[in-house]
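Notes follow once the structure below has been shown.
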Amino acid sequence: MTGQPHALMPRVRFAAGKPIFSEGDPGDRAYVVEAGEVSIVRIINGETKVLGTVGKGGMFGEMALVDGQPRMATAIPSQDTACFVITRDVLLKKLEGADPFMKALTRVLVSSVRAMAPKV
C-alpha cells in the first residue's frame, strides 16, 4: 500500500507524540502505516503500558471499525508517521462480497481479543 494515495484510502500524516485516537473514542476508521511507527498504549493501574508497536505495512484501529465498540487503547506515533485511512464505509463495501463464515469469524476474533484485554 505504499506509493500514491488511493481515492478510497486517503493518506494522512501524524506528528510524533500527538495521539491519533484515544481509548474510549468512537472507532470509525482504521489505519495502515505507510511510513513511521505507532505505539498502542493503555493506562493500566495508573501506569502507561505499551501493548505493541505498528510499523510499515501494519494496521491498527481495526477492532473498533469491525465491531463498532469504542477504542480499547490509545494510538501514539513514536515518530512522524504517514498512514492510509480505511473508513467504515470502505470496510463495509469490502465485506459485502465476503463469505458469511469469514465475516462471522472476524467478529468472533475481535470479540475474543476484547475479552482478553486487561481491565482498567
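The values are calculated or read from the model by the stated rules, or taken from the named source; none is laboratory data. Small disclaimer: the values here were computed from a predicted structure and weren't measured. A quick note on method: Cβ atoms are made from the backbone with ideal geometry, for glycine too, and the neighbour counts reach across all protein chains shown.
Data for the structure
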quantity	calculated
Count - residues of region 41-82 that are more than 25 Å from residue 103 (Cα to Cα), surrounded by 14 or more Cβ atoms within 10 Å (Cβ to Cβ) and among the hydrophobic types (A, V, I, L, M, F, W, C)	5
Among (1) touching a Lys or Arg at 6+ places or on another chain (Cβ under 9 Å); (2) under 21 Å from residue 25 (Cβ atoms) - the single one residue 95 does not satisfy	(2)
Residue satisfying condition, being of a type in the set (D, E, K, R) and surrounded by 14 or more Cβ atoms within 10 Å (Cβ to Cβ), within set 96, 37	37
Subset of region 1-26 that is at pLDDT below 90 and either part of a strand (DSSP E or B) or touching a Lys or Arg at 6+ places or on another chain (Cβ under 9 Å) (or both) - its residue that is surrounded by the fewest Cβ atoms within 10 Å (Cβ to Cβ)	4
Residue count for region 34-48, restricted to those that are within 27 Å of residue 108 (Cβ to Cβ) and either without any contact (Cβ under 8 Å) to a residue 24 or more places away in the chain or in contact with an Asp or Glu (Cβ under 7 Å, 6 or more places away or on another chain) (or both)	1
